[in-house]
Amino acid sequence: MTAVSEFRPGLEGVPATLSSISFVDGQRGVLEYRGISIEQLAQRGSFLETAYLLIWGHLPTQQELTEFEHEIRYHRRIKFRIRDMMKCFPDSGHPMDALQASAAALGLFYSRRALDDPEYIRAAVVRLLAKIPTMVAAFQLIRKGNDPIQPRDELDYAANFLYMLTEREPDPIAARIFDICLTLHAEHTINASTFSAMVTASTLTDPYAVVASAVGTLAGPLHGGANEEVLDMLEAIGSVENVEPYLDHCIATKTRIMGFGHRVYKVKDPRAVILQNLAEQLFDLFGHDPYYEIAVAVEKAAAERLSHKGIYPNVDFYSGLVYRKLGIPSDLFTPVFAIARVAGWLAHWKEQLNENRIFRPTQIYTGSHNLDYTPIAERDPEIESD
């Protein structure tokens, strides 16, 4: 086998690490965190309980969870200098860019790179999980011309974020649904942003730079930005009657159908199944969303046309409808994704520290050899030398 035949664009299917954090079976639609199904965690657990499981490898005892939750509450506030820095960001800037800059800035205050110190590792985990939601909510209020509001210690993780974002205490059921959403997005093996985090972490830089690197990768529409574009697609379709012509046009012109298809899943994403159910619960409680009927029709029509290719709804297809009903602006969908995925990034960071080796992949060179240097006066035939 030649080197060229071994090349796989995007490193598809190439193992990058040994990990016990999460497992995906794309043929059967299975997702497990540390061996526990996503369905059980969504139904019975909480996001912080799930984050603890991912990062420390086991479900916490009641005392461990209580202490962890207390630490998170204590560290929710951000330095006023970070808040003032965010006030200098342009109002038109995308929240993901603001989040990347703010996450990196945390390293200026807390980075010691004491990666052999368990206390430093725990403190970094707590600070990132605690402060990322605060920074997302703060930028949302700042870009509207308002001062950010302080976290409320008596509110749990999900409810506190919605409170900081909307300036009103959320309905308990809405907060619980949002907490489940965070659990669903917390981890998903070696996706693009997690691989980015691992590459950055392999240099033994600080965890704040690791998370900032992953945030930058998540910002792309082929990764975390698709749920925002799903709503744009549903708006463009406009009505159930337009669904089939729209899909037929997309298929004929090979235009991507947002929220469909996955590099791993060849059946409906198990997270999409749960998110669809959550969307229906929200609509029953707080009113119908006309986009939902269009989305259901898109899924049905797409199944008739694309199921033989293993193309089904992924996690992004219904998540935007859930976030929209929770009052989250569409350009905050990906930052919300990041709030959850910090848990997975940190789990892989911590796991990799146990046996780290800097990433240094090779390449297959396709350029020329033995070319001569051409003097600058001879490189353009229209330029004559003196």
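The values are calculated or read from the model by the stated rules, or taken from the named source; none is laboratory data. Not measured: the values here are computed from a predicted model. Every residue, glycine as well, gets a Cβ built from its backbone with ideal geometry; the counts of neighbours run over all protein chains shown. Heads up: the accessible areas ignore ligands, DNA and RNA and are worked out on the full protein's heavy atoms, side chains in. Shrake-Rupley method; radii C 1.70, N 1.55, O 1.52, S 1.80 Å.
Key figures for this structure:
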{"item": "Tally, over region 151-167, of residues that are modelled with pLDDT of 95 or more and part of a loop (DSSP other than H, G, I, E, B)", "result": "5"}
{"item": "Odd one out for Leu332 among (1) touching a helix residue (DSSP H, G or I) at 6+ places or on another chain (Cβ under 8 Å); (2) over 27 Å from Gln140 (Cα atoms)", "result": "(2)"}
{"item": "Pair list, Cβ under 7 Å, 6 or more apart: region 31-53 residue free of Cβ contacts under 8 Å to residues at least 60 places away in the same chain and more than 14 Å from Val273 (Cα to Cα), other residue in a strand (DSSP E or B) and open to solvent by 40 Å² or more (accessible area, probe 1.4 Å)", "result": "Glu32/Phe23"}
{"item": "Residue that is least open to solvent (accessible area, probe 1.4 Å), among those in region 37-80 that are hydrophobic (A, V, I, L, M, F, W, C) and out of contact with any helix residue (DSSP H, G or I) (no Cβ under 7 Å at 6 or more places or on another chain)", "result": "Leu53"}
{"item": "Residues of region 169-187 that turn out to be open to solvent by 10 Å² or more (accessible area, probe 1.4 Å) and not in a helix (DSSP H, G or I), as a count", "result": "3"}
{"item": "Residue in region 155-175 that is of a type in the set (A, V, I, L, M, F, W, C) and under 15 Å from the mean Cα position of the chain (by Cα) present", "result": "no"}
{"item": "Residue list for region 104-113, restricted to those being open to solvent by 100 Å² or more (accessible area, probe 1.4 Å) and in a helix (DSSP H, G or I)", "result": "Leu108"}
{"item": "From Val211, Val273, Val230, residue being open to solvent by 50 Å² or more (accessible area, probe 1.4 Å), among the β-branched types (Val, Ile, Thr), closer than 21 Å to Thr183 by Cβ and in a helix (DSSP H, G or I)", "result": "Val273"}
{"item": "Residues being in a helix (DSSP H, G or I), surrounded by fewer than 24 Cβ atoms within 10 Å (Cβ to Cβ) and touching a helix residue (DSSP H, G or I) at 6+ places or on another chain (Cβ under 7 Å) - total across region 341-365", "result": "2"}
{"item": "Long-range neighbours under 7 Å by Cβ, at least six apart or interchain, first residue within 14 Å of Tyr110 (Cβ to Cβ) within region 67-83, second part of a loop (DSSP other than H, G, I, E, B)", "result": "Arg77/Gln150; Arg77/Pro151"}
{"item": "Residue satisfying all of: in region 285-299; touching a residue at least 40 places away in the same chain (Cβ under 8 Å) and either closer than 11 Å to Tyr318 by Cα or among the β-branched types (Val, Ile, Thr) (or both); most open to solvent (accessible area, probe 1.4 Å) among these", "result": "Tyr291"}
{"item": "Subset tally (residues that are touching a residue at least 60 places away in the same chain (Cβ under 8 Å) and of a type outside the set (Val, Ile, Thr)) for region 306-324", "result": "8"}
{"item": "Members of region 114-148 found to be part of a loop (DSSP other than H, G, I, E, B) and either surrounded by 15 or more Cβ atoms within 10 Å (Cβ to Cβ) or of a type in the set (Phe, Trp, Tyr) (or both), listed by number", "result": "Leu115, Arg143, Pro148"}
{"item": "Whichever residue in region 150-168 is more than 15 Å from Val322 (Cα to Cα) and touching a Leu at 6+ places or on another chain (Cβ under 7 Å) and, among such residues, is least open to solvent (accessible area, probe 1.4 Å)", "result": "Tyr157"}
